[in-house]
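Just so you know, all these numbers are worked out from the coordinates, no wet-lab data involved. Being a predicted model, the structure only gives us computed values, none of them experimental. When we count neighbours, we look across all protein chains shown, and the Cβ atoms used for this are built from the backbone with ideal geometry, even at glycine.
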Amino acid sequence: MDQRSGEGAEGGIFSYTQILHLLKIEFSRARRYQYQLSSVLVEIDRLGNIGDLHGSIVRDQVEAAVGELLNRHSRSCDFVGRLGERFVLVLPHTDKKGAQLLAQRLHDRIAGLDVRVDGRPLRISASLGVATLEDDDTIFFDAVLKKAEAALGQVTARGGDSVAVSA
């Protein structure tokens, strides 16, 4: 069963409140049943500039295209949501290597998106930060998000358009 078809997930993308609730639930399950849980933060590079140069309609089209791509290329047991201007993927039963492979595939597919402005292609890129809950010492569900944010910060500090995995 595809969990993203649940009520309240517009276009399969969960809201800020919904995705945090789902992350909290999955975090508790992962600790209780001792399975790995990963998270990927996705930030569309230069999204503000896209809106400034091409308008909010194009910006919305880019966000919708990326959201649809994330949904299409993740598993039915994964969750895709919004955290402000970023997307987050919650990946139950996924180790660091699996999350990194998925993030790299998503990065490459985002770069291949066909979004056009006045008939001309618009180059889209994204920065992705990956984190995995790997130990029993983590007691707060948002720790995995903080690790993913740190990894994303590494990517953006290097100019974006790549993937980083938390230490």
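What FRET efficiency would be calculated for the residue pair Tyr33, Thr156, taking the C-beta separation as r and a Förster radius of 25 Å, to the nearest 0.05?
0.15
Whole-Hz ³J(HN,Hα) for each residue in segment 89-101, computed from phi via Karplus 6.51 cos²θ - 1.76 cosθ + 1.60 with θ = phi - 60°, x for glycine and proline: what do you get?
10, 9, 10, x, 6, 10, 7, 4, 5, x, 5, 5, 4
Report the gain in length on full extension from Glu85 to Ser56: 0.36 nm times residue separation, minus Cα-Cα distance, nm rounded to one decimal.
9.1 nm
Once you place label points 7 Å from the Cα toward the Cβ at Lys24 and Lys97, how far apart are they in nm?
Distance between label points: 3.4 nm.
Taking segment 104-167 as the region of interest, what is the percent of Cα-Cα pairs per 5 angstrom bin, listed from the shortest bin to the one with the maximum distance?
4, 18, 19, 18, 14, 11, 7, 4, 2, 1, 0
Could you order the peptides 117-127, 22-32 from most to least packed, using the average number of other C-beta atoms within 10 Å per residue?
22-32, 117-127
Note down the magnitude of the dipole of the chain about its Cα centre, charges +1 on Lys and Arg C-beta and -1 on Asp and Glu C-beta and zero elsewhere, to the nearest 20 debye.
For the chain, the charge dipole is close to 240 debye.
Taking segment 51-150, how much of its Cα-Cα pair set, in percent, is spaced more than 16 angstrom apart?
Within segment 51-150, distances greater than 16 Å cover 61 percent of Cα pairs.
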